Amino acid sequence: MRMTGAQMVCESLLREGVEVVFGIPGGAILPLYQTMPQYPQIRHILVRHEESAAMAADAYFRASGKLSVAMATSGPGATNLVTGLACAMMDSSAFVAITGQVSRAAIGKDAFQETDTTGVTLPVTKHNYLVMRAGDIPRVMMEAFYIARTGRPGPVLVDIPKDVFIEQDEFEYPESVDLPGYKPTLHGHPTQIRKAARLIKESQRPVILAGHGVTLSQAFQELKELAEKAQIPVITTLLGVSSFPGNHILNLGMPGMHGVAWSSLAIDRADLLISLGARFDDRVTGRVSAFAPRAKVVHVDVDPAVIGMNVKTHVPIVGDLRRVLRSLNREVEAATHTEWLAEIEQLRRDHPSLHIRDTGNLTQQYVIRKLWELTEGKALVVTGVGQHQMWAAQHYQFLNPNSFITSGGLGAMGFEVPAAMGAKVARPDALVWSIAGDGGFQMTMAELATMAEHKLSVKFALMDNRFLGMVRQWQDLFYKRAFYATEYTRSPDFVKLADAFGILGLRVTERSQVAEAIQEAMAYDGPALVDFVVDPEENVYPMIPPGESTHELIEAPKEAKGVPATRRRDILPPEGDF
Amino acid sequence: MKHTLVALVQDKPGVLNRIAAMFRRRGFNIASLAVGQSEQPGLSRMTFVVDGDSTIVEQVTKQMYKLIDVIRVSDLSTEETVSRELALIKVRATAQTRSEIMQLVDIFRAGIVDVSPDSLVIEVTGDEDKITSLTKLLKPFGIRELMRTGRVAMTRGGAGGQERGRGNGATPSKETEA
Ligand SMILES: Cc1ncc(C[n+]2csc(CCOP(=O)(O)OP(=O)(O)O)c2C)c(N)n1
């Protein structure tokens with residue numbers, strides 16, 4: 001069938017099952033936008049900034065496993081996508097970005113709003129395309145979606161000059177992709193899997209390190225089966241936090257820079273470390289030479305390049321984690337590690353990493369614990385980057401698989417707002433709580449308008465400490481409390497701001513008000529924001545200083561200013577198994 | 001140690017840029033790079049000489065495979081290979097020195113491709129050592145310009161070179177399925 005390039009893009013989106021586009025139009029992409037009304041099946045969400053389009057599309061994929069599109073015009077529209085692309089790229093999340101480009105004849109002439117978009121985005125995309133003929137659009141679109149979702153997922157960008165949208169050609173959607181240079185390995189090699197099973201059998205002190213790969217390959221059941229069958233404790237990375245039930249007896253929680261001490265120490269003492277879809281980020285390993293010094297390493301990942309990149313591996317297994325685990329679970333023999341578990345239990349007792357100091361003040365940890373209680377651990381939690389993010393990972397005990405969405409690898413502030421929006425679009429029935437930093441929130445808060453417009457009922461727990469908290473913490477600990485450029489001396493009135501955006505706004509300054517405000521926000525039919533005015537003096541512990549090892553782990557503040565040690569106690573009694 | 005890698009890649013705009021960008025970003029050192037058409041239409045062959053130990057070469061290979069346009073990467077370092085480089089050397093030559101230079105050219109089985117009143121252009125092919133030796137010997141005469149292509153390499157006999165696994169350890173090298 002003969003049609004325009006713009007129609008071909010839309011036809012391709014239908015064939016790829018795209019339901020949502022997040023975007024902002026502009027000159028170069030206008031021919032596509034003006035064609036979209038012919039395709040009402042595709043829902044367009046007009047965001048307030050292209051970075052939000054990318055981050056919303058990223059979170060949409062994380063929440064649902066489905067691909068959506070971030071659309072932007074040439075030049076500034078395209079460059080605004082960059083942070084969102086980099087964020088998705090680092091965390092193996094995926095979407096397809098479609099950008100308008102200046103007309104073919106103007107390319108290379110420094111035309112108005114011309115940017116070398118494929119050049120700029122090359123290192124932050126899994127692959128990208130500049131389409132110079134309308135006839136290429138169907139093939140390129142099919143390849144883009146295929147590359148984005150298969151293997152190790154990643155964002156793919158398609159840049160299309162304005163006149164290519166207008167050009168007419170024959171539309172024929174290919175049956176399948178033909179990419180001789182792209183063939184992800186999915187089945188783990190049987191010999192390697194048998195080797196891993198043998199190491200598991202021989203080990204006395206095994207630990208599993210579960211990363212984002214568990215969620216990406218939907219291997220929750222398989223992970224649980226392995227852990228239970230061979231009785232192996234599970235340590236979860238930041239992106240793996242909700243890949244194993246938070247209340248499971250074998251769940252140790254997060255290791256590393258702000259992980260719980262017993263997880264880091266268990267890795268330190270382990271004789272076998274089984275990494276499942278994790279890539280040994282430096283926030284996990286600390287100083288690599290001192291990481292898991294006694295352990296043999298089994299590393300399963302769909303991306304061969306991350307195996308052996310940071311940590312020496314004894315048994316590499318390349319493949320889709322779920323498939324590999326299914327095969328591995330058949331090979332692995334049932335076992336018990338009673339002594340090892342008892343040793344870890346002792347570590348837990350010796351290191352009260354999750355105890356909260358009772359300063360009498362309203363703290364983020366307290367709010368997060370309350371939020372966890374009141375949502376019964378079942379909310380879909382999205383965060384920004386900083387102290388609140390770490391506390392969310394530490395203190396919220398996730399009971400549902402894939403219920404924690406956060407910018408791990410890039411650590412992009414501002415994620416908390418658009419990502420919560422994207423997650424809500426993907427899972428409209430989920431209770432989405434965004435635990436937001438007042439810094440990150442102010443980067444992308446314009447999307448409150450988008451959420452009000454589309455009745456996206458996201459709930460915001462704004463951790464209003466009037467500081468760039470995590471940076472302040474580093475100034476506090478490593479720069480002799482020289483606080484510079486981290487304080488907001490005049491933040492907006494967030495309750496009035498909520499009101500201006502047409503959403504519910506509440507303010508909480510005392511602990512006694514926390515529960516009620518959370519409940520009121522949840523009961524409200526629509527987006528809501530609770531401004532928790534929290535103590536800026538709190539720091540995240542434990543902490544392993546950057547570049548150090550578990551030996552340098554700081555368990556708790558030496559003696560917090562003005563708070564006598566006798567007043568320290570748990571706010572909440574130890575709950576369940578955790 | 002220097003490793004010779006040969007990659008079969010799609011002949012598309014931007015491929016060289018993708019590879020170069022990857023090398024730069026990952027901090028890998030390319031000692032030389034030569035690109036040209038292959039026997040298969042639409043595909044180019046690139047010879048890289050990479051400086052580094054085997055872990056680095058393994059990372060380079062894996063990162064190359066991650067590029068969608070890279071079809072195959074072979075490591076020729078461990079194989080029986082022939083490798084050649086071509087150089088053009090413009091050297092100052094006077095009536096007095098010309099015959100001496102021409103003798104050197106003969107010894108190295110090089111050729112003279114341009115003659116002018118005060119210079120010669122010499123074409124020499126061989127392995128890097130040979131070219132380096134000739135260059136050294138010509139230096140006292142005054143080298144005005146030197147241009148080396150970088151190494152191109154191929155296995156001897158029937159084999160097409162040891163394909164480096166896409167994966168780590170024993171993984172099946174080809175698979176298709178979403
Ligand atoms: C876009 C971006 N800019 C800067 C940083 C560096 N940074 C890391 S954490 C942080 C402070 C975050 O403050 P806030 O959002 O208020 O969260 P808090 O740490 O106070 O919980 C900063 C500035 C970053 N991660 N991302």
* Asked: About its Cα centre, how strong a charge dipole does region B:82-152 have in debye, to the nearest 20, once Lys and Arg get +1 and Asp and Glu get -1 at the Cβ?
  -> 120 debye
* Structure fact -> Ignoring ligands, DNA and RNA, the residues of region A:178-193 whose accessible area with a 1.4 Å probe is reduced by 10 Å² or more relative to the chain alone are A:Leu179, A:Pro180, A:Gly181, A:Tyr182, A:Lys183, A:Pro184, A:Thr185, A:Leu186, A:His187, A:His189, A:Gln192
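Go ahead and estimate [θ] at 222 nm for chain A from helices alone: -39,500 (n - 2.57) per DSSP H run with n ≥ 4, summed, over the residue count, rounded to 500. Mind showing how you got there, number by number?
Values: 23 runs with 204 residues, N = 578.
So the helix-based figure for chain A works out to -10000 deg cm²/dmol.
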* A:Ile554's amide H: which non-local residues (gap 5+, or another chain) put their own amide H closer than 5 Å, with H modeled 1.01 Å from N in plane and none for Pro or chain starts? -> A:Met543, A:Ile544
* To do: Taking only the C-alpha atoms, wrap a convex hull around region B:27-157 and report its volume per residue in Å³ as a whole number.
  => 142 Å³
* Structure fact -> With the full set of protein chains present, the residues of region A:284-318 whose 1.4 Å probe accessible area falls by 10 Å² or more relative to the chain alone are A:Asp303, A:Pro304, A:Ala305, A:Ile307, A:Gly308, A:Met309, A:Pro316, A:Val318
* Could you state the number of Å between the C-alpha centres of region A:351-396 and region A:30-93? -> 31 Å
* Charges only on Cβ, +1 for Lys and Arg, -1 for Asp and Glu: so what's the dipole of region B:2-79 about the Cα centre, in debye to the nearest 20? -> 360 debye
* Structure fact -> Projecting the Cα atoms of B:Leu134, A:Met390, A:Met470 onto the charge dipole of the protein assembly as shown, where Lys and Arg contribute +1 and Asp and Glu -1 at Cβ, the residue farthest towards the positive end is B:Leu134
* Just for the Cα atoms in chain A, what are the lengths along the principal axes, largest first, rounded to whole Å? -> 75, 62, 42
* Across all directions of projection, what mean area in square nanometres is found for the Cα convex hull of region A:2-170? -> 8.3 nm²
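If R0 is 35 Å, what FRET efficiency do you get for A:Asp282 and A:Gln513 from their C-beta distance, rounded to 0.05?
On the way: r = 39 Å, r/R0 = 1.13.
Efficiency, from the Cβ-Cβ distance: 0.35.
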* **Label-to-label distance, nm, for residues given as A:Arg194 and A:Glu228 (7 Å Cα→Cβ offset)** => 2.9 nm
* Asked: Residues of region A:118-203: accessible area per residue at 1.4 Å, in Å²?
  -> 39 Å²
* Structure fact -> Tilt, helix A:514-523 to longest principal axis of chain A (alpha-carbon atoms), in degrees rounded to tens, equals 30 degrees
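Past the 31 Å Cα-Cα mark, which pairs from A:Lys66/B:Lys66; A:Lys224/A:Lys312; A:Lys66/A:Lys455; A:Lys229/A:Lys378; A:Lys370/A:Lys558; B:Lys12/B:Lys62? Spell out each step's value before the answer.
On the way: A:Lys66/B:Lys66 22 Å; A:Lys224/A:Lys312 26 Å; A:Lys66/A:Lys455 21 Å; A:Lys229/A:Lys378 26 Å; A:Lys370/A:Lys558 26 Å; B:Lys12/B:Lys62 21 Å.
From the list (A:Lys66/B:Lys66; A:Lys224/A:Lys312; A:Lys66/A:Lys455; A:Lys229/A:Lys378; A:Lys370/A:Lys558; B:Lys12/B:Lys62), the Cα-Cα distance tops 31 Å for no pair.
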* Asked: Under a GNM of chain B (C-alpha, springs under 10 Å), which listed residue has the highest mean-square fluctuation: B:Val50, B:Val73, B:Val82?
  -> B:Val82
* Asked: What total accessible area, in Å², is buried where chains B and A meet, using a 1.4 Å probe and rounding to the nearest 100?
  -> 2500 Å²
* Structure fact -> Between the Cα axis of helix B:54-66 and the main Cα principal axis of chain B, the angle (0 to 90°, nearest 10) is 70 degrees
* Asked: Can you give the relative contact order of chain A as a percent, counting alpha carbon pairs under 8 Å and 6+ residues apart?
  -> 14 percent
* Asked: According to a simple spin-label model (label point 7 Å from Cα along Cα-to-Cβ), what is the distance in nm between A:Lys378 and A:Glu172?
  -> 5.2 nm
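Over all pairs of distinct alpha carbons, what does the Kirkwood formula give as the hydrodynamic radius of region B:2-79, in Å? Please list the in-between numbers first.
Numbers: mean 1/r = 0.0805 Å⁻¹.
One decimal place: 12.4 Å for the Kirkwood radius.
Tell me, what is the per residue accessible area of region B:52-156 in Å², probe radius 1.4 Å? If you can, show how the numbers build up before the last one.
Working: 5620 Å² over 105 residues.
Accessible area per residue: 54 Å².
At 4 °C and 1.567 mPa s, what whole-number value in µm²/s does Stokes-Einstein give for the translational diffusion of region A:190-350, with Rh from the Kirkwood sum over Cα pairs?
Values: Rh = 15.1 Å.
The diffusion coefficient I find is 86 µm²/s.
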* Asked: Given A:Tyr182, A:Gly77, A:Gln519, which one lies farthest toward the positive end of the charge dipole of chain A, if we put +1 on the Cβ of every Lys and Arg and -1 on the Cβ of every Asp and Glu?
  -> A:Tyr182
* Solvent-accessible area lost in complex, 40 Å² minimum, residues of region A:93-128 relative to chain alone, 1.4 Å -> A:Leu122, A:His127
* Asked: Taking the Cα centre of the protein assembly as shown as the origin and placing charges on Cβ (Lys, Arg +1; Asp, Glu -1), which of A:Ala28, A:Gln346, A:Pro161 is farthest toward the positive end of the dipole?
  -> A:Gln346
* Asked: Between A:Ile554 and B:Thr155, what is the label-to-label distance in nm when each label sits 7 Å out along the Cα-to-Cβ direction?
  -> 5.6 nm
* Note the angle between two axes, namely the Cα long axis of helix A:50-64 and the longest principal axis of the Cα atoms of chain A, as a number of degrees from 0 to 90, rounded to the nearest 10. => 60 degrees
* Work out from phi, with θ = phi - 60° and the Karplus expression 6.51 cos²θ - 1.76 cosθ + 1.60, the ³J(HN,Hα) of each residue of region A:216-222, listed in order in whole Hz, and give x for Gly and Pro. => 5, 9, 6, 9, 4, 5, 5
* With a 1.4 Å probe and every protein chain kept in, tell me what percent of the accessible surface of the protein assembly as shown is carbon plus sulfur. => 51 percent
* Can you give the charge dipole size of chain A about its Cα centre, rounded to the nearest 20 debye, using +1 on the beta carbon of Lys and Arg and -1 on the beta carbon of Asp and Glu? -> 1020 debye
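The values are calculated or read from the model by the stated rules, or taken from the named source; none is laboratory data. The structure presented is a predicted model; accordingly, all values stated were derived computationally and were not measured. Methodologically, a virtual Cβ is constructed for each residue, glycine included, from the backbone with ideal geometry; neighbour enumeration extends over all protein chains shown. In case anyone asks, the SASA skips ligands and DNA or RNA and just uses the protein heavy atoms, side chains included. Shrake-Rupley method; radii C 1.70, N 1.55, O 1.52, S 1.80 Å.
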